[in-house]
Amino acid sequence: MDTLPPPESRSNLPEYAVSELSGAIKRTLEGAFGRVRVRGEITEMKRYPSGHIYLSLKDAGAKLEAVIWKGAVRTVGLAPENGVEVIATGRVTTYADRSKYQLSIERLEYAGEGALLARIEALRQRLLAEGLFDEGRKRRLPLLPEVIGVVTSERGAVFHDIRTTLARRFPRRLILWPVPVQGPEAAGRIAAAIAGFDALPEGGPVPRPDVLIVARGGGSLEDLMAFNEEPVLRAAAACRIPLISAVGHETDTTLIDHVSDRRAPTPTAAAEMAVPARLDLLAEVAHRGARLTRAAQAALERARFRLVQAERHLPDLPGMLATARQRLDDRAERLAGARLALVERRRAALDRLAARLPHPREVLADGRGRLGRLGERLDAAWRRGAETRRGAPALLRFNDAPLRATLREARTRLEAASARLESVSYQAVLARGFALVRDAEGEPVMQAAAVRPGQGLSLAFADGTVAVVAEGSGRAARGRRRPPAPEQEALL
């Protein structure tokens with residue numbers, strides 16, 4: 001009995017293998033759409049080690065997976081970022097292993113200026129919060145830099161304009177670091193150039209610039225986007241060399257203008273900022289030199305006028321010196337005479353005092369007389385006391401020993417005072433062989449030069465006085481001596 005096939009095998013629907021169906025779908029999609037432009041927001045972006053970039057494009061109603069193959073990454077137009085709205089140009093293809101379709105992207109563009117501006121504003125707000133735009137961190141440009149570094153394209157007119165302007169104003173040494181100024185690689189190359197200039201050592205084979213100029217010509221917002229990228233902005237903020245940004249025309253504004261130390265509206269203006277005009281500088285130096293000369297002359301004139309005014313109020317200095325010299329001579333002459341006069345006055349006062357002093361022998365004689373009288377009075381008192389004691393038995397018990405001891409002590413003190421007085425008396429000096437010379441008035445003669453020939457003198461010795469007559473002056477008397485007369489020999 002024959003076996004009948006199952007009912008499904010008798011269907012008239014064509015039968016496909018899986019690979020056949022996948023191929024048919026692939027051909028249908030690629031044939032129906034070909035190259036397309038899709039607008040959406042980038043999300044789920046991931047870069048694989050192989051170099052391929054996988055991402056998704058989404059809008060409010062759907063999501064489309066996409067891929068950028070490694071070979072297309074360099075020419076895609078911009079670096080993809082999550083959250084950026086773009087227009088992707090490419091081909092719709094399928095991935096048979098997972099039964100899904102995807103967009104193979106060949107080029108990316110920002111979806112209009114609104115998306116670009118929103119991205120730029122978001123980055124600006126973030127860097128502003130970090131303080132990269134603060135005016136306090138901006139450095140002053142040097143007055144006259146020796147070396148100027150330029151970061152720009154070597155093929156454009158920007159470098160030629162900068163070089164021409166510097167040659168016209170003040171020739172300086174230029175170092176160009178060529179970079180692309182637009183395209184997907186531009187931001188990384190510009191950031192590397194800024195960091196490379198900043199890393200140059202002082203005194204190295206390549207001189208370190210004193211000023212950096214980052215410049216490019218005008219263009220659309222998309223063309224200038226490399227100067228709104230975060231790597232470029234952070235490299236400019238970290239650069240220790242004063243930096244001038246000159247991107248686009250005067251109306252163009254990029255974020256590097258806020259980070260740089262100075263912003264120039266054009267590359268030519270950047271060159272004018274970097275160096276002063278040589279002729280203007282020479283004129284300024286000449287002007288300041290003239291002002292300094294005039295100021296110095298005015299100061300000299302004022303000083304000369306004050307000197308003349310002061311000279312009119314000064315006294316006659318030669319006359320003052322002559323008067324002072326005359327006064328000094330007069331004081332010197334008076335001083336020489338005053339010294340001798342002072343000595344004479346002191347000697348006269350001493351003589352007057354000596355004349356009033358009593359002779360020690362008189363003092364001793366007076367003391368002995370008083371002592372004798374006291375003794376007589378004592379004896380009389382003793383006798384009266386003895387008689388009284390004989391008449392009064394109570395007085396018999398009186399002892400006179402203390403009184404006699406008191407008298408002996410008083411006599412001893414009197415004799416000691418007498419001895420001291422004798423030792424300081426000039427009579428004691430005469431007793432040792434000296435003589436006191438007096439003139440006719442009784443005044444002492446202290447110097448031989450004061451004796452005149454024929455002058456009458458008196459010589460006082462310890463035992464008496466002798467009158468003599470001077471034969472010559474004191475100096476002549478020392479020169480020759482005459483023997484004394486026989487009647488005076490004994491006295492002398």
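Between a residue in region 349-370 that is modelled with pLDDT of 80 or more and any residue that is among the charged types (D, E, K, R), which pairs come within a Cβ distance under 9 Å, given they are 6 or more apart or on different chains? From residues that are modelled with pLDDT of 80 or more, the pairs are Asp351/Glu443; Leu364/Glu422.
When Ser458, Ser423 are screened for being out of contact with any Pro (no Cβ under 8 Å at 6 or more places or on another chain) and modelled with pLDDT of 85 or more, only Ser458 passes.
Whenever a residue of region 219-247 is at negative phi, its partners that are aromatic (Phe, Trp, Tyr), lying with C-beta atoms within less than 6 angstrom and at least six residues away or across chains, give the pairs Val247/Phe227. Scanning region 233-248 for residues that are touching a strand residue (DSSP E or B) at 6+ places or on another chain (Cβ under 8 Å) and either closer than 17 Å to Gln182 by Cβ or at pLDDT below 90 (or both) yields Ser245, Ala246, Val247, Gly248. Only one of the listed residues (Thr388, Thr406) is modelled with pLDDT under 80, farther than 30 Å from Arg438 by Cβ and hydroxyl-bearing (Ser, Thr, Tyr). That residue is Thr388. Determine whether region 90-106 contains at least one residue that is crowded, with 17+ Cβ neighbours inside 10 Å and either within 60 Å of the chain's Cα centre (by Cα) or part of a helix (DSSP H, G or I) (or both). Within region 90-106, not a single residue is crowded, with 17+ Cβ neighbours inside 10 Å and either within 60 Å of the chain's Cα centre (by Cα) or part of a helix (DSSP H, G or I) (or both). When the criteria are applied in full, Ala167 fails the requirement of being in the same structural domain as Ala226 (by TED's automatic domain parsing) and at pLDDT below 90. In region 408-425, of all residues being surrounded by 15 or more Cβ atoms within 10 Å (Cβ to Cβ) and out of contact with any Leu (no Cβ under 6 Å at 6 or more places or on another chain), the one that is farthest from Gly372 (Cα to Cα) corresponds to Ser425.
The set of residues from region 193-218 being part of a strand (DSSP E or B) and either without any contact (Cβ under 8 Å) to a residue 40 or more places away in the chain or closer than 16 Å to Val147 by Cβ (or both) comprises Val211, Leu212, Ile213, Val214. Does at least one position in region 249-261 carry a residue that is at pLDDT below 85, buried (at least 22 other Cβ atoms within 10 Å of the Cβ), out of contact with any His (no Cβ under 8 Å at 6 or more places or on another chain) and not in a strand (DSSP E or B)? The answer is no, given that none of the residues of region 249-261 is at pLDDT below 85, buried (at least 22 other Cβ atoms within 10 Å of the Cβ), out of contact with any His (no Cβ under 8 Å at 6 or more places or on another chain) and not in a strand (DSSP E or B).
Can you name the residue in region 36-54 that is in contact with a Ser or Thr (Cβ under 7 Å, 6 or more places away or on another chain) and not acidic (Asp, Glu) and, of all such residues, is farthest from Thr89 (Cα to Cα)? Among residues in region 36-54 that are in contact with a Ser or Thr (Cβ under 7 Å, 6 or more places away or on another chain) and not acidic (Asp, Glu), the one farthest from Thr89 (Cα to Cα) is Thr43. Being part of a helix (DSSP H, G or I) and surrounded by fewer than 18 Cβ atoms within 10 Å (Cβ to Cβ) is the filter here, so list the residues in region 150-188 that pass it. Result: His160, Arg163, Thr164, Ala167, Arg168, Gly188. Take the conditions (1) in contact with a Lys or Arg (Cβ under 7 Å, 6 or more places away or on another chain); (2) farther than 30 Å from Gly196 by Cα; Thr323 misses just one of them, which is (1).
With respect to the conditions (1) closer than 30 Å to Ala235 by Cβ; (2) free of Cβ contacts under 8 Å to residues at least 24 places away in the same chain, Arg262 lacks only one, and its number is (2). Would you point out the residue of region 269-293, among those that are of a type in the set (Val, Ile, Thr) and surrounded by fewer than 18 Cβ atoms within 10 Å (Cβ to Cβ), that is nearest to Gly217 (Cα to Cα)? Taking the candidates together, the pick is Val285. Of the residues making up region 170-189, those that are out of contact with any Lys or Arg (no Cβ under 8 Å at 6 or more places or on another chain) and β-branched (Val, Ile, Thr) number 1.
The values are calculated or read from the model by the stated rules, or taken from the named source; none is laboratory data. This structure is a prediction, so every number in the text was calculated from the model and none was measured. Please note: Cβ atoms are built from the backbone with ideal geometry, for glycine as well, and neighbour counts cover all protein chains shown.
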